[in-house]
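Below: one structure, written as structure tokens.
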Amino acid sequence: MQFDIVDEWGADPAWIAQLNEILPVYAAQEGLPDALIIGLTFTGDEEIQRINAEYRGIDRATDVLSFPMYERDDEIELFEDELAPFGDIVLSVPHAEAQAAAYGHSVEREVCYLVVHGLLHLAGYDHMTDDDKREMRAEEEAILGACGVTR
């Protein structure tokens with residue numbers, strides 16, 4: 001499993017290194033095959049607002065968007081000699097920076113949290129009900145904790 005990264009904002013290489021450590025933990029926890037590729041775009045508020053308006057009909061910036069290729073119970077199509085697309089994540093770096101300051105932790109921790117949140121959406125998690133929200137938060141913290149992402 002790997003990321004196909006588009007960096008429109010100047011992501012810190014330390015974030016990328018930490019995110020690459022998170023991927024195998026995520027894959028193992030979710031029982032996903034290794035032969036998957038995930039698009040990950042680091043962008044700004046203006047671009048994420050445009051994407052949010054276009055695809056979700058919500059004309060405002062947000063922190064992270066996920067675009068899964070599969071529903072939770074779908075069988076993933078794997079290809080013999082190439083990585084299979086699993087979905088895309090778009091992250092607003094300015095939003096991550098503001099949220100890190102508001103929550104009192106590092107930007108790296110916030111970026112990791114937002115990407116894990118996006119990864120779980122790709123795996124079919126949602127947070128529409130309180131039970132769903134609790135389940136998703138527990139999965140997020142389990143992945144982050146297993147990778148030593150704290151502050």
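Limited to the stretch 41-51, what total is found for residues that are open to solvent by 40 Å² or more (accessible area, probe 1.4 Å) and either under 15 Å from Ile143 (Cβ atoms) or in contact with a Pro (Cβ under 8 Å, 6 or more places away or on another chain) (or both)? Count: 1.
Filtered by the rule that a residue be β-branched (Val, Ile, Thr) and open to solvent by less than 30 Å² (accessible area, probe 1.4 Å), the stretch 1-40 gives Ile22, Ile38. Could you say whether any residue in the stretch 73-91 is in a loop (DSSP other than H, G, I, E, B) and within 17 Å of Cys147 (Cβ to Cβ)? No, the stretch 73-91 contains no residue that is in a loop (DSSP other than H, G, I, E, B) and within 17 Å of Cys147 (Cβ to Cβ).
How many residues are among the aliphatic types (A, V, I, L, M) and either open to solvent by less than 40 Å² (accessible area, probe 1.4 Å) or in contact with a His (Cβ under 9 Å, 6 or more places away or on another chain) (or both) when one looks only at the stretch 57-75? Don't jump to the end; show me each part of the working.
Going through the stretch 57-75, the residues among the aliphatic types (A, V, I, L, M) turn out to be 58, 61, 64-65, 69.
Retained after the next criterion (residues that are either open to solvent by less than 40 Å² (accessible area, probe 1.4 Å) or in contact with a His (Cβ under 9 Å, 6 or more places away or on another chain) (or both)): 61, 64-65.
Matching residues across the stretch 57-75 total 3.
Remark: pairs (first residue in the stretch 7-21, free of Cβ contacts under 8 Å to residues at least 40 places away in the same chain; second residue assigned to a helix (DSSP H, G or I) and among the charged types (D, E, K, R); Cβ separation under 7 Å; 6+ apart in sequence or on different chains) = Glu8/Glu47. The residue list His95, His127 contains one member that is of a type outside the set (A, V, I, L, M) and at pLDDT 95 or above, which is His95.
Look at Ala98 and say whether it is of a type in the set (A, V, I, L, M, F, W, C), without any contact (Cβ under 8 Å) to a residue 40 or more places away in the chain and under 21 Å from Asp12 (Cβ atoms).
On the way: of a type in the set (A, V, I, L, M, F, W, C): yes; without any contact (Cβ under 8 Å) to a residue 40 or more places away in the chain: yes; under 21 Å from Asp12 (Cβ atoms): yes.
When the stated conditions are applied, Ala98 passes them.
Of the listed requirements (1) open to solvent by less than 30 Å² (accessible area, probe 1.4 Å); (2) among the aromatic types (Phe, Trp, Tyr); (3) more than 21 Å from Pro33 (Cα to Cα), Phe86 misses just one: (3).
Okay, residues lined up against (1) over 20 Å from Ile5 (Cβ atoms); (2) open to solvent by less than 10 Å² (accessible area, probe 1.4 Å); (3) under 13 Å from the mean Cα position of the chain (by Cα):
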| site | (1), (2), (3) |
| --- | --- |
| Pro94 | no, no, no |
| Ala102 | yes, no, no |
| Val111 | no, yes, yes |
| Ala138 | yes, no, no |
| Gly148 | yes, no, no |
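The values are calculated or read from the model by the stated rules, or taken from the named source; none is laboratory data. As the structure is a computational prediction, the values presented were derived from the model and not from experiment. Please note: Cβ atoms are built from the backbone with ideal geometry, for glycine as well, and neighbour counts cover all protein chains shown. Surface accessibility is based on the protein's heavy atoms, side chains included, excluding ligands, DNA and RNA. Shrake-Rupley method; radii C 1.70, N 1.55, O 1.52, S 1.80 Å.
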